[in-house]
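Asker: One structure coming up, written as structure tokens, with questions to follow.
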Amino acid sequence: MGLAMLSAVDLSVAGRSGQLLPPTSLELLPGNLLLVQADSQDIRTVLALTLSGRMRPTSGSVQWGHDGDIARLRRRSALLDAPGVNEPERHLRVVDVVAEDLALLPRAARTRPQQWLEQHGFLDLARAWVQEIPPETRLVLLTELALADPGVELLIVDSPDRHTSDPDNWLPFLQDVTDRGRHGVAVVAVVTRVPADHAGSIVVTPSTAESQELP
């Protein structure tokens, strides 16, 4: 097996009143999708923040290939839809979300919001409220915005299943992202439950495994 793009070893985060993230290890190669199952939204978001370099772990390690530079990991990754962190605000229209995200891109990658919406087939949704669009459309929109940054090689998606009970609304699309020809792009989706028929790579956080062993 080749060098892992992303690797975490006994990654954990402690809070004031206890452990926010139990020790978690994983490995992800370029162009692959990994589903990580965790019980609570707090654990999922902390894990997503840590894997994308937005939060430093209390112990353990996370690195990008052989490079343990957290700043580089943060530059190369995109965090999608984390509750309380960067999920789109409900009172915003789609065009406003697009404008905000495009403004954060490197200057050479920026384009006008209306032009971007038209190029990606979202022009008819420009004036729609974010809370009105279907979950599958929301995911596609946020993913395409993240991939507008040419430096992004890793997508960390926080709880795509919290918007829908049907995995067909998010899983096939994320699988397609790794197959669309952008070599090197990898995806981690931190989820409530891994779909029963998913045959790909999965990791279950320790807390989830322990709860499943209870009678």
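Asker: Over the chain, what is the percentage of antiparallel beta bridges among all DSSP beta bridges, to the nearest 5?
Answerer: If we restrict to bridges inside the chain, about 45 percent are antiparallel.
Asker: Over the stretch 1-126, calculate the relative contact order: mean separation of alpha carbon pairs under 8 Å at least 6 apart, over the residue count, as a percent.
Answerer: 20
Asker: Moving to a separate point now. For the chain, count the residues as N, evaluate 2.2 N^0.38 Å, and divide the Cα radius of gyration by that value, please.
Answerer: 1.01
Asker: What's the magnitude of the charge dipole for the chain around its Cα centre, counting Lys and Arg as +1 and Asp and Glu as -1 at the beta-carbon? Answer in Debye, nearest 20.
Answerer: Dipole of the chain, to the nearest 20 debye: 780 debye.
Asker: I would also like to ask the following. Net charge around VAL85, counting only other residues with Cβ within less than 10 Å of its Cβ (Lys, Arg = +1; Asp, Glu = -1)?
Answerer: In short, -2.
Asker: Normalising by the residue count of the chain, find the relative contact order in percent from Cα pairs under 8 Å and 6+ residues apart.
Answerer: Numbers: 370 pairs, mean separation 65.1, N = 215.
After rounding, I find 30 percent.
Asker: Using alpha carbons only, how many degrees (0 to 90, rounded to 10) separate the axis of helix 94-103 from the longest principal axis of the chain?
Answerer: The angle comes out near 70 degrees.
Asker: Same structure again: Taking the Cα atoms only, what angle lies between the long axis of helix 41-51 and the longest principal axis of the chain, rounded to 10 degrees?
Answerer: It is inclined by approximately 80 degrees.
Asker: Hey, any idea what Rg/Rh is for the stretch 1-120, computing Rh the Kirkwood way over Cα pairs?
Answerer: On the way: Rg = 16.6 Å, Rh = 16.2 Å.
With Rg and the Kirkwood Rh in hand, the quotient comes to 1.02.
None of the figures in this text is laboratory data; all of them are computed from the coordinates on show. Here the structure is a predicted model, which means the values were calculated and not measured. In this analysis, Cβ positions are derived from the backbone assuming ideal geometry, glycine residues included, and neighbour counts consider all displayed protein chains.
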